[in-house]
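Have a look at the structure below, then the notes.
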Amino acid sequence: QEHEVEKMFTLKPGRLPQADVKNVIFFVRPRLELMDIITDNVLREDRGRSPQRDFHILFVPRRSLLCEQWLKEQGVLGSFIHREQYSLDLIPFDGDLLSMESESAFKECYLESDQTSLYHAAKGLMTLQALYGTIPQIFGKGECARHVANMMIRMKREFPGSQNAIFPVFDTLLLLDRNVDLLTPLATQLTYEGLIDEIYGIQNTYVKLPPEKFAPKKQGEGGKDLPTEPKKLQLNSAEELYAEIRDKNFNAVGSVLSKKAKIISAAFEERHHAKTVGEIKQFVSQLPHMQAARSSLANHTSIAELIKDITTSEDFFDNLTVEQEFMSGIDTDKVNNYIEDCIAQKHPLIKILRLVCLQSVCNSGLKQKVLDHYKREILQTYGYEHILTLNNLEKAGLLKPQTSGRNNYPTIRKTLRLWMDDVNEQNPNDISYVYSGYAPLSVRLAQLLARPGWRSIEEVLKMLPGPHFEERQQLPTGLQKKRQHGENRVTLVFFLGGVTYAEIAALRFLSQMEDGGTEYVIATTKLINGTSWIKSLMEKLEPAPF
């Protein structure tokens, strides 16, 4: 409104909403299906009205020839006075988290060999360096990481003037391919934020929850007016309570909430002791903060109850037990009874695919006989159209036959200490608390890079896909950082292909460790969980119309 914007609308087919304005600006991702909606909007515009409205289109993050050609074929390209691009690469989601929100990045890179999203990642990193100084050290693991590093080095060579003389904020950049660690997103996240995402799905820091838990309880009405609209809440660290519990294991959240409840009710009790005008004034001045804390507590207590209903169910427990058996290396090489039962009962397909892929990854691929059995069962139960999805999962390395004849996972698991038997969920001493036993491989790599360095795990790095490398970037003279005693190093970890909330929690845990010495900032192409990730690899086959 400060910049004279009248109204904002979501893009949808049909006539544009009424608004007394001269200019209409479309802000869109360069995708063909969106061009059809825009075409529809433009063609339905009332040409007879005066004054005529002017159209403009802004592509985010890049202009697309294909989209413009499409608009031209539909005969509407001429209606746009300005056709520009808006370079929005990395979007800040929190104080330590940036995402490109490009949901198809993993599929494009690994299935379609389309590296556009890697170019955007490199571009975003260049912008970051222009703002926060050149990052002196780059480490990476994986094919995509290598590409991004090469593009960054090339961009730096081609635009020598783009370096600002700024003391570097980041000491190290770690580029990690998602396919170096395919296991982590498949497992069920067990942190508070991770479970909210697993069960309800967090979209751009917002979550939609079933409304009945949030209805204000009024006396004597007997709940006749239950809200039907889902309750939409924003989740980020600006909310004190959420910042405290988001990264805890769910089993440790209850005790924090009950402690907070006692503190808040004690604070409200204070009002009875306020005698003098000064004391009353002080109490009143604290009221807004106390009321915000109380409503925040009420919300999170409701969310925790909703989650607890699910985590205490038999099905959740059985599913988790199988996951943990696979991750600790039990019976990964034969057909699993639980998975067979789930297929027979026609549980949601994504749940089945996550488990089968998890088994495959924990066994460096499945024996052909086991793999064929699973495929047959899935296709016969859920329909043959899913053969394309199974093909995609195989291409991505998630569900594949064991080729080398031997299983590397146990070696990787032991060397990197990926499975910890004695997990302290209340006061964790290791990152494995985020999955109640399994330490995310990606985060373990980051942790070992900081100390003692990757040389100690050369053998295991060779077993993981893609090259590992190190690059140094020259800093302009006088900008080398002299580290003060006790000052932390800052590492930017960039996940190419997506990152889960549990991995973010594990990195935050490493940042907070007393003797850690490293602070982490996280960047990614997309915030994902197992469900959204598998969904992005599924082929939607429309049944024939006849």
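Each of P61, F26, N41 was scored by the projection of its Cα onto the charge dipole of segment 23-85, and the greatest displacement toward the positive side belongs to P61; charges sit on the C-beta of Lys, Arg, Asp and Glu. In terms of distances greater than 28 angstrom between alpha carbons, the cross-link table entries K123/K208; K346/K367; K367/K535; K107/K367; K12/K213 yield K123/K208; K12/K213. Take every DSSP beta bridge whose two residues both sit in the chain; close to 30 percent of them are antiparallel. For the chain, with all protein chains in place and a probe radius of 1.4 Å, 53% of the accessible heavy-atom surface sits on carbon or sulfur. Fully extending the segment from K334 to R472 would add 45.1 nm, taking 0.36 nm per residue of separation and subtracting the current Cα-Cα distance.
Normalised by the number of residues in the chain, the average gap of Cα pairs under 8 Å and 6 or more apart makes the relative contact order 20 percent. In the chain, the calculated helix contribution to ellipticity at 222 nm averages -13000 deg cm²/dmol per residue, counting -39,500 (n - 2.57) for every DSSP H run with n ≥ 4. Gain on full extension, evaluated as 0.36 nm per residue between A19 and E4 minus their Cα-Cα distance, stands at 4.1 nm.
Given +1 at the Cβ of Lys and Arg, -1 at the Cβ of Asp and Glu and no other charges, the dipole of segment 23-85 around its Cα centre is 140 debye to the nearest 20. Of all alpha-carbon pairs in segment 301-382, indicate the percentage at a distance above 15 angstrom. Result for the distance tail: 59 percent.
Just one of [x] 35; [y] 45; [z] 40 is percent of Cα pairs over 38 Å apart calculated from these coordinates, so which is it? After the calculation, the listed value that fits is [z].
The alpha-carbon of K369 sits under 16 angstrom from the alpha-carbons of these aspartates and glutamates, leaving out residues fewer than 8 places away in its chain: D331, D333, E340, E377, E394.
Compute, for segment 238-303, the length of the dipole vector about the Cα centre, with Cβ point charges of +1 (Lys, Arg) and -1 (Asp, Glu) only. Units Debye, rounded to 20. Dipole of segment 238-303, to the nearest 20 debye: 140 debye. Subtracting the Cα-Cα distance of Q234 and F27 from their residue separation scaled by 0.36 nm leaves 72.2 nm.
Computed as a quarter of the hull surface, the mean projected area of the alpha carbon convex hull for segment 23-85 stands at 3.8 nm². Here the dipole of segment 1-52 is about 160 debye; that uses its Cα centre as origin and unit charges on the Cβ of Lys and Arg (positive) and Asp and Glu (negative).
The values are calculated or read from the model by the stated rules, or taken from the named source; none is laboratory data. Not measured: the values here are computed from a predicted model. Virtual Cβ from ideal backbone geometry, glycine too; neighbours counted across all protein chains shown. Accessible surface is based on the protein model in full, side chains and every heavy atom, while ligands, DNA and RNA are left aside. Shrake-Rupley method; radii C 1.70, N 1.55, O 1.52, S 1.80 Å.
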